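In what follows, a structure is listed as structure tokens, so that the remarks can point back to it.
Every number here is computed from the coordinates shown, using simple stated rules; none is lab data. What you see is a predicted model; the values in this text were computed from it and never measured. Note that we place each Cβ from the backbone using ideal geometry, even for glycine, and neighbour counts take in every protein chain shown.
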Amino acid sequence: MRTFDLIRDAVLPEFRERVADYLVEYETVLGQGTADAATLQATANQLRGYLRGLNTTRVLGMADWEELDRRVVGTWLAL
């Protein structure tokens, strides 16, 4: 899924492996398409919070965070 590839690329290189480990669970739920709407919405909101945390700790740049947040909202929350 392209959004998750963008997240991995946007993260500072020294944190990519650790972040990739966390993204697996989000990607599993959001990428499978079999979860109910409430689960998708909750997971997407959790992913937004995780990305916000990465931005706060300077692991992810502000411009990257804004674009990724828009993608998450547009893909999974604007249903």
**OP:** Give me a count of the residues in the range 64-79 that are of a type outside the set (A, V, I, L, M) and under 10 Å from the mean Cα position of the chain (by Cα).
**Re:** 3
Original post:
If a residue has to be in a helix (DSSP H, G or I) and of a type in the set (A, V, I, L, M) to count, how many in the range 49-79 make the cut?
Top reply: 8
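To keep it simple, each residue is scored yes or no on (1) of a type in the set (Gly, Ala, Ser); (2) touching a residue at least 60 places away in the same chain (Cβ under 8 Å).
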| site | (1), (2) |
| --- | --- |
| Glu17 | no, no |
| Ala42 | yes, no |
| Asn45 | no, no |
| Gly61 | yes, no |
| Val72 | no, yes |
Subject >> Selection from the range 27-72 of residues that are among the hydroxyl-bearing types (Ser, Thr, Tyr), surrounded by 15 or more Cβ atoms within 10 Å (Cβ to Cβ) and closer than 19 Å to Pro13 by Cα >> reply: Tyr50
